[in-house]
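Peer 1: There's a structure below that I have some questions on.
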Amino acid sequence: MKRIVQGGAATAVAVSALAVAHVLRRMGSRVLWPARADEYRDEDFGLLGRDRAAVVHATDGVPLAVREHGQADAAVTVVFVHGFCNDMTSYHFQRRDLPVLWGDRARLVFYDQRGHGESGVPEAANCTVAQLADDLAAVVEARAPHGPVVLVGHSLGGMAVLAAAAAHQGLFRQRVAGVALICTTAAGMTTGGIGQLLPNPALDGFRLAVRFAPALVQAGRATARHVITPLLHVSSFHGPVSPTVSRFTTLMIDRTPVATIVKFLQAIEVHDESAALPALAGVPALVIGAGYDRVIPVKNSELLAREIPEAELVRLDGGAHMPHLQFPDAVNAALDRLFARAVPSAGTRRASGG
């Protein structure tokens, strides 16, 4: 029986990877190394790791790793929620550049979602978008208990923000001053992009293999890296991209345990937070979509923006699923505009010396 499961695990990895490769080729994703020198060759991607560290315990006891930058008495706290198979360092350029724009007016809070980065490993039953919403609320309550907050969510992090809007309406009415939703969707993950592969027999076999032989599947991921790494690359970026940024992103994704990936697959597949959208009425919002996003197509971002009355839609036609890493200047400029709308008393003044 063990030998059969092992063979099934390897087959599921290979079949799933090849299926994704076929979809990406059909969609036309294309990544190019830049002709010019790599501008980020000497970039210090360890910046966030030197910020103040804290731990917040979720409602089920899972420890969530937190990093903070800025003064405790800042006028606004901006909380960043990363995407699936990422960690808080995916917001490196926001951590690097936004303090220059905002100075001491904002405190920045980043955290690793459960099962990702330095946070604890949850039970499969608690790998749900609803639980991610509760995690976000717990981080806000513990690390930003007073004053206005702006929430920034990318991909799965955006889904967590939307779920929190429905489950924690008091928080949104009283404290949430703005929301940014980057390459995310309220529903419809299985109707476009790579999400079409979620209801797939190969992935069902992969889930089964993880349940019975998780160590083997984790090892199998390493042996299949020559197939998987290009998939991770082309789904993250399109067009010219820094090789350093590409390597940083691929290594970040590859650190995610396979068990975490599989535990969240069903949650992503059944994700539907459409009912949360009315809770965002009157909240300044920013929706960013990317023209070559093969994970969550830009049409989902456009629909999301139409459903949120106070939303500014920014479409990055040359971007893919990680625009905050590939086009940080455009994303940060949009976040700066949201900051000014969300908290006018703070946003109308530029940081001294910035």
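Bear in mind these aren't lab numbers, they're just calculated from the coordinates by the rules spelled out. Remember, predicted model here, so these are calculated numbers, not experimental data. With ideal geometry, Cβ positions are generated from the backbone for all residues, glycine too; neighbour counts draw on all protein chains shown.
Peer 1: At what distance in nm do the modelled label points of GLN71 and ASP336 sit from each other, each positioned 7 Å from its Cα along Cα→Cβ?
Peer 2: 2.1 nm
Peer 1: Does region 52-114 come out rounded, prolate or oblate, given a ≥ b ≥ c as the square roots of the eigenvalues of its C-alpha gyration tensor, rounded meaning a/c under 1.5 and, failing that, prolate meaning a/b above b/c? Show your work: numbers first, answer last.
Peer 2: Values: a/c = 2.75, a/b = 1.49, b/c = 1.84.
Note, shape of region 52-114 comes out oblate.
Peer 1: If r is the Cβ-Cβ distance from LEU47 to GLN174 and R0 is 41 Å, what FRET efficiency results, to the nearest 0.05? Let's see the in-between values first.
Peer 2: Working: r = 32 Å, r/R0 = 0.79.
According to the calculation, E is roughly 0.80.
Peer 1: Amide H to amide H, which residues 5 or more places from GLY239 or on other chains are under 5 Å from it, using H placed in the peptide plane?
Peer 2: ARG30, VAL31, LEU32
Peer 1: Just grab the label-to-label distance for SER345 and GLU310, each label 7 Å out from Cα along the Cβ direction, in nm (one decimal).
Peer 2: Reported label-point gap for SER345 and GLU310 is 1.6 nm.
Peer 1: I would also like to ask the following. Sequence-distant or interchain residues sharing an amide H contact under 5 Å with VAL314, placed H: which?
Peer 2: Those lying under 5 Å, H to H, from VAL314 are VAL287, ILE288, GLY289.
Peer 1: Right, here's the next one. What is the P(r) of region 241-307, as percent of Cα-Cα pairs per 5 Å bin from 0?
Peer 2: The percentages, shortest bin first, are 3, 11, 14, 18, 20, 17, 11, 5, 0.
Peer 1: Follow-up. As a test of the definition: which semi-axes, in Å, follow for region 258-354 when you take the square root of five times each eigenvalue of its alpha carbon gyration tensor? Largest first, please.
Peer 2: The equivalent ellipsoid of region 258-354 has semi-axes of 27, 18, 14 Å.
Peer 1: Under a plain spin-label model, where a point goes 7 Å from the Cα along Cα-to-Cβ, how far apart in nm are ALA142 and GLU269?
Peer 2: Once both label points are built, they end up 3.1 nm from each other.
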